[in-house]
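The structure appears below as structure tokens.
The values are calculated or read from the model by the stated rules, or taken from the named source; none is laboratory data. Note that the coordinates shown come from a computational prediction; the quantities given were computed from them, not determined experimentally. Counting neighbours? That spans all protein chains shown, and the Cβs are built from the backbone with ideal geometry, glycine included. The area values use the complete protein model at the heavy-atom level, side chains included, leaving out ligands, DNA and RNA. Shrake-Rupley method; radii C 1.70, N 1.55, O 1.52, S 1.80 Å.
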Amino acid sequence: MLFDERPKVKREELFDREEELGELEKNIDRPLILLTGVRRIGKTSLLQVFLNESNIPFILTDCRKLKENYGWKDLFELLARGSNRVIEILKGIKGIRIMGNEIEISWKGKNFVSLSDLFDHLNKKRLIIAFDEAQRLRGPLSKEIKEAIAHVYDYDKNLTFILTGSEVGLLYDFMSIEDPSSPLYGRFYHEIRLERFNKDASFNFLRKGFEEYSLKVKDEVIEEIISFFDGIPGWLTFSGNLYVNFKDVERVKEIAVNVALNELKNLIENKRRISEIVGRRYLYTLKCIADGNSSWSRLERCLSDREGTTISSSVLSNILKQLESVSLIKDYDFLDPIYKEASRRLSL
Ligand SMILES: Nc1ncnc2c1ncn2[C@@H]1O[C@H](COP(=O)(O)OP(=O)(O)O)[C@@H](O)[C@H]1O
Ligand SMILES: [Mg+2]
């Protein structure tokens with residue numbers, strides 16, 4: 001079903017991504033592929049459909065499961081859980097002990113196993129290693145992980161990495177391909193950027209989805225959904241699904257905005273942990289941008305009006321950079337209209 005809210009796993013359920021599937025296929029022998037695009041654009045769906053169709057065994061890990069200061073054990077467990085096949089491969093490795101689903105890894109001593117060692121073992125067979133939401137690999141181990149990926153790049157020709165990222169700026173930061181001190185400096189990666197559906201595709205997607213429920217929906221309703229949700233497949237799925245239940249577009253919009261609002265509240269809550277002022281500044285910045293202050297000077301004015309004091313340009317530029325790196329905004333506007341609407345409703 002097109003309106004199934006889980007990431008799709010079969011080609012029949014995946015709408016309009018033939019080109020991207022083909023591009024993955026064509027490039028799958030490269031060492032490193034990036035799948036990027038805003039939240040809900042369909043990265044996980046594309047990745048899963050591709051992996052399930054491909055004849056190549058794979059490990060798929062969801063890096064959102066890693067806590068912020070994750071350690072080696074967390075990472076190895078995530079990798080091991082990513083595929084039963086790999087449990088088998090892990091079994092042969094000195095320094096890794098497997099009992100059922102429990103894994104013990106030696107950190108030190110003569111049986112110490114490093115990530116590069118692990119990859120060398122996996123390299124015995126052709127294998128795809130996919131890290132979904134790979135920007136979450138940032139953290140204390142990021143240097144070692146990049147070194148291991150660089151090692152694979154040079155020596156392990158049987159391995160291909162596919163990294164996805166919703167927070168595209170953070171993913172680039174993690175890889176730091178342009179930073180001479182980074183282990184991945186100057187390495188080529190093939191990037192596939194997922195874009196939203198155009199109007200026709202969005203229309204056909206919704207029409208087809210409603211037909212699966214034998215539901216007759218007026219063109220105007222479909223057009224209203226498209227103009228509000230702007231062709232982002234995840235929102236179209238979400239709204240199609242809710243419309244089937246409620247037959248009420250306003251209610252559907254309201255629920256979607258509340259979902260986005262909760263995410264933004266979490267973001268601001270995290271900033272509040274740094275300090276009350278920082279949290280407030282993020283909140284005001286989001287509100288000012290949502291209100292259409294789409295240039296540096298207008299934004300600066302809006303913020304100082306709200307705060308009652310001027311804001312230094314380095315502070316503002318840092319906030320903008322952060323909001324860009326998590327793919328919320330670009331060029332003083334929101335990438336996703338639902339977050340824009342949600343930002344208007346934020347309050348202290
Ligand atoms: N091409 C597509 N065809 C059908 N459903 C899709 C498509 N792309 C995304 N979806 C749906 O949209 C939602 C978000 O997709 P997901 O793959 O989780 O996006 P991402 O990983 O980019 O956040 C899911 O409900 C998924 O089923
Ligand atoms: Mg995803």
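Overview of results
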{"quantity": "Net lengthening on full extension, ASP74/GLU263 (0.36 nm per residue, minus Cα-Cα)", "calculated": "65.5 nm"}
{"quantity": "Sequence-distant aspartates and glutamates (8 or more away, or on other chains) whose Cα lies within less than 14 Å of LYS157", "calculated": "ASP29, ASP120"}
{"quantity": "Largest to smallest accessible area among SER325, SER294 [probe 1.4 Å]", "calculated": "SER294, SER325"}
{"quantity": "Partners for LYS271 among aspartates and glutamates (Cα-Cα distance below 19 Å; same-chain residues under 8 apart left out)", "calculated": "GLU68, GLU167, GLU263, GLU307, GLU324"}
{"quantity": "Above-threshold pairs, the threshold being 22 Å between Cα atoms, out of LYS91/LYS143; LYS73/LYS125; LYS73/LYS110; LYS65/LYS321; LYS8/LYS208", "calculated": "LYS91/LYS143; LYS73/LYS125; LYS65/LYS321"}
{"quantity": "Over region 264-348, relative contact order from alpha-carbon pairs under 8 Å, at least 6 apart, %", "calculated": "35"}
{"quantity": "Gap separating the Cα centres of region 166-237 and region 44-60, nearest whole Å", "calculated": "18"}
{"quantity": "Computed magnitude of the charge dipole of the chain (debye, nearest 20; Cβ of K, R +1, Cβ of D, E -1)", "calculated": "1020"}
{"quantity": "At most 14 other Cβ within 10 Å, DSSP loop - chymotrypsin sites (Phe, Trp or Tyr not before Pro), region 1-109", "calculated": "TRP107"}
{"quantity": "Nearest 10 degrees, 0 to 90: helix 18-27 Cα axis against the chain principal axis", "calculated": "30"}
{"quantity": "Accessible solvent surface per residue of the chain, calculated while the other protein chains remain in place, 1.4 angstrom probe, Å²", "calculated": "50"}
{"quantity": "Between helix 296-307 and the chain: long-axis angle, C-alpha atoms, 0 to 90°, nearest 10", "calculated": "80"}
{"quantity": "Using distinct alpha-carbon pairs, which all enter the 1/r mean, Kirkwood radius of the chain in Å", "calculated": "22.2"}
{"quantity": "GLU104 versus ASN55: modelled label distance in nm, points set 7 Å from Cα along the beta carbon direction", "calculated": "4.0"}
{"quantity": "Globularity ratio of region 1-81, using Cα Rg and 2.2 N^0.38 Å", "calculated": "1.21"}
{"quantity": "Cysteines in the chain lacking a second Cys C-beta under 4.7 Å", "calculated": "CYS63"}
{"quantity": "GNM top mover of LEU320, LEU286, LEU35 - the chain, alpha-carbon springs below 10 Å", "calculated": "LEU320"}
{"quantity": "Computed Kirkwood radius, in angstrom, where 1/r is averaged over Cα pairs of region 45-164", "calculated": "14.6"}
{"quantity": "In Å², nearest 10: area of LEU335 left accessible to a 1.4 Å probe", "calculated": "50"}
{"quantity": "The chain, relative contact order in percent, only Cα pairs under 8 angstrom and at least six apart counted", "calculated": "19"}
{"quantity": "Residue-level accessible surface for LYS8, protein heavy atoms, 1.4 Å, Å²", "calculated": "20"}
